[in-house]
Amino acid sequence: MLLVLDEQYKKGNVSSKYYAYLYDRVQRNNQEEQLYGTQPSDDKTGNLFDSNDGIILPTHLADPKHVDEQRKQVGLEPLGKYYEAILEMLCRPKNIT
């Protein structure tokens, strides 16, 4: 699937943001490292929030030190701001772990 996605992205047939989300979703579903950190991690029960009501940030990133640079290249906001926005949409406290 990613081969087709990569090909279409390089041809300009796929939005860079959609590419990032789908790329990471496929990687996460295959238990591979994410490039953009768009898919949160979960605990062993599938919960996206820890015991302190904080969202669990992605733990399997290909390059954690440069994830915000990768995100910027495809038009995404920094990782921390992204997850703060998710918490706000879900009416949760801004607690990121």
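Each value in this text was obtained by applying a stated rule to the coordinates, not by laboratory testing. Quantities reported herein were computed from a predicted structural model and do not represent experimental measurements. Backbone-built Cβ (ideal geometry, glycine too); neighbour counts: all protein chains shown.
Dipole size of segment 2-89 about its Cα centre, with +1 on Lys/Arg Cβ and -1 on Asp/Glu Cβ: approximately 360 debye, rounded to the nearest 20. If Lys and Arg each add +1 and Asp and Glu each add -1, what is the summed charge of the other residues whose beta carbon sits under 9 Å from the beta carbon of residue 60? Within the 9 Å Cβ shell, the charges total -1.
Distance between the modelled labels on residue 59 and residue 15, one decimal in nanometres: 3.2 nm (7 Å Cα→Cβ projection).
Residue 7 to residue 50: extension gain in nm, 0.36 nm per residue of separation minus the Cα-Cα distance? Walk me through the intermediate numbers first.
On the way: separation 43, 0.36 × 43 = 15.48 nm, distance 3.74 nm.
Answer, rounded to one decimal: 11.7 nm.
Taking θ as phi - 60° and the Karplus parameters 6.51, -1.76 and 1.60, the scalar couplings of segment 38-48 work out to 7, 10, x, 7, 9, 7, 5, 9, x, 7, 7 Hz in sequence order, x denoting glycine and proline. With a Cα cut-off of under 19 Å and a minimum spacing of 8 residues unless on different chains, the lysine pairs in segment 8-97 number 6. Taking amide H positions as modeled 1.01 Å from N, with prolines and chain starts lacking one, the residues under 5 Å from residue 61 and 5 or more places away or on another chain are 34. Which of (i) 24, 19, 10; (ii) 35, 14, 13; (iii) 25, 15, 11 is the computed semi-axes √(5λ) of the Cα gyration tensor in Å for the structure on display? Step by step, semi-axes √(5λ) of the Cα gyration tensor in Å for this structure corresponds to label (iii).
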